[in-house]
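Q: For reference, the structure I am asking about is given below.
The values are calculated or read from the model by the stated rules, or taken from the named source; none is laboratory data. Since we're looking at a predicted model, the values are computed, not measured. Note that each Cβ is placed from the backbone with ideal geometry, even for glycine, and that neighbours are counted across all protein chains shown. Remember, those area values only see protein heavy atoms, side chains included, never the ligands or the DNA or RNA. Shrake-Rupley method; radii C 1.70, N 1.55, O 1.52, S 1.80 Å.
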Amino acid sequence: MARRFTEKKLVIASHNKGKIKEIGDLLAPFGIEVFSAGDLDLPEPEETEKTFIGNAQLKSTAAAKGANLPALADDSGLAVSALDGAPGIYSARWAGPDKDFDMAMEKVQNGIGSHPDRRASFICALSLAWPDGHVENFEGRLEGDIVWPKRGRHGFGYDPIFQPKGYDQTFGEIEPAIKHEMSHRADAFAQLVAACFK
Ligand SMILES: O=P(O)(O)OP(=O)(O)OP(=O)(O)OC[C@H]1O[C@@H](n2cnc3c(O)ncnc32)[C@H](O)[C@@H]1O
Ligand SMILES: [Mg+2]
């Protein structure tokens, strides 16, 4: 049995504004007071693990200890079939220190080149940690295709080149409220809610 979340305050252990906004929107119905890692001046830990869950847990436990509050971390990324799952856990790092996602998206497109397989998945690991060290982890996924050129201005990161399966718009074009209902983050969040918030 997962530990239930009964506290009133929660830290979103992320320094990514796009993610903090999405997680804040997903948490809105639960009446929890949320803080971001930046609000609390928490450092950004180095992501030294080899899996999404490993890195999510590293971020959640560091923030929970640092803030002495429960903390929810997200480690996510894009796994491209023709690139054997790259950029994967390196999705943020492909954009470099300037967080240049135009460059990162071009790297994805150039890597696929003329390969006929344009399939990709977005993956999201969520880790909820308490200050006593207890952790609950979840992983969500969404299948789609890489399109080129990029389309739309909604979302963040790789959204303008990711078109979810069954849709003819990219996450850059789809309204945020619709993304929240079907994304990899929504999938992981639904698992978290079922296990810890019900
Ligand atoms: O570690 P934190 O502080 O949370 O922020 P980050 O941006 O470094 O986040 P990650 O280490 O988890 O890297 C994931 C990258 O994958 C990309 N990504 C994840 N979810 C995405 C989404 O829903 N839409 C577009 N890109 C996404 C995005 O560019 C992120 O920078
Ligand atoms: Mg990161």
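Q: How much solvent-accessible surface does residue 14 expose, in Å² to the nearest 10, with a 1.4 Å probe and all protein chains in place?
A: Counting only protein heavy atoms, residue 14 exposes about 10 Å² to solvent.
Q: Per residue, how many Å² of accessible area does segment 9-197 show with a 1.4 Å probe? Could you put the intermediate results ahead of the total?
A: Values: 8890 Å² over 189 residues.
Accessible area per residue, segment 9-197: 47 Å².
Q: Any chance you could give the angle, 0 to 90 degrees and rounded to 10, that helix 52-67 forms with the longest Cα principal axis of the chain?
A: The helix 52-67 is inclined about 40 degrees to the chain.
Q: Hey, another quick one. Take 98, 39 and sort them by solvent-accessible surface of the protein heavy atoms, 1.4 Å probe, largest at the top.
A: On the way: 98 135, 39 105 Å².
Output order, biggest surface exposure first: 98, 39.
Q: With runs of 4+ DSSP H residues as the only contributors, calculate the mean residue ellipticity of the chain at 222 nm using -39,500 (n - 2.57) per run, divided by the residue total and rounded to the nearest 500.
A: -8500 deg cm²/dmol
Q: Just how much of residue 119 is accessible, in Å², when a 1.4 Å probe is used and the result is rounded to the nearest 10?
A: Ignoring ligands and nucleic acids, residue 119 comes out at about 140 Å².
Q: What order do 167, 158 take when sorted by accessible area (1.4 Å probe), most exposed first? Spell out each step's value before the answer.
A: Working: 167 90, 158 10 Å².
So, going from the largest accessible area down, we get 167, 158.
Q: In whole Å, how far is the Cα centre of segment 61-86 from that of segment 146-165?
A: What the calculation gives is 21 Å, centre to centre.
Q: Restricting to lysines 8 or more places apart or on different chains, can you count the pairs in segment 9-197 with Cα atoms under 18 Å from each other?
A: Within segment 9-197, the lysine pair count is 19.
Q: Then there's this: When only the heavy atoms of the protein chains count and the probe is 1.4 Å, how do 139, 181 rank by accessible area, highest first?
A: Numbers: 139 80, 181 145 Å².
Highest to lowest solvent-accessible surface, that is 181, 139.
Q: I would also like to ask the following. Compute the long axis of helix 17-27 from its Cα atoms, compare it with the longest principal axis of the Cα atoms of the chain, and write down the angle in degrees, 0 to 90, nearest 10.
A: Rounded to the nearest ten degrees, it is 60.
Q: With every protein chain present, what accessible area does residue 30 have (1.4 Å probe, heavy atoms only), rounded to the nearest 10 Å²?
A: We get 80 Å² for residue 30.
Q: Additional query: Restricting things to Cα coordinates, could you compute the convex hull volume per residue of the chain in Å³?
A: Working: hull volume 23.1 nm³, N = 198.
So the per-residue hull volume is 117 Å³.
Q: Express the carbon and sulfur contribution to the solvent-accessible surface of the chain as a percent, rounded to the nearest whole number, probe 1.4 angstrom. Numbers along the way, then the final one.
A: Details: 5030 of 9830 Å².
Its accessible area is 51 percent carbon and sulfur atoms.
Q: Right, something else. Assigning unit charges at the beta carbon (Lys, Arg +1; Asp, Glu -1) and nothing else, what dipole magnitude in debye, to the nearest 20, does segment 1-61 show about its Cα centre?
A: Working: 9 positive and 10 negative charges, 58 e Å.
Here segment 1-61 has a charge dipole of around 280 debye.
Q: Which net charge results when you count Lys and Arg as +1 and Asp and Glu as -1 among the other residues whose beta-carbon is under 13 Å from that of residue 115? Don't jump to the answer; show the numbers that get you there.
A: Details: positive: 118, 119; negative: 84, 117, 145.
The answer is -1.
Q: Also: Using 7 Å Cα-to-Cβ label points, what is the residue 68/residue 90 separation (nm, one decimal)?
A: For the pair residue 68/residue 90, the computed spacing is 4.1 nm.
Q: Write out the chymotrypsin sites (Phe, Trp or Tyr not before Pro) in segment 43-137 meeting two conditions: DSSP loop, and at most 13 other Cβ atoms within 10 Å of their Cβ.
A: On the way: sites: 52, 90, 94, 101, 122; in loops: none.
Within segment 43-137, no chymotrypsin sites (Phe, Trp or Tyr not before Pro) qualify (loop, at most 13 other Cβ atoms within 10 Å).
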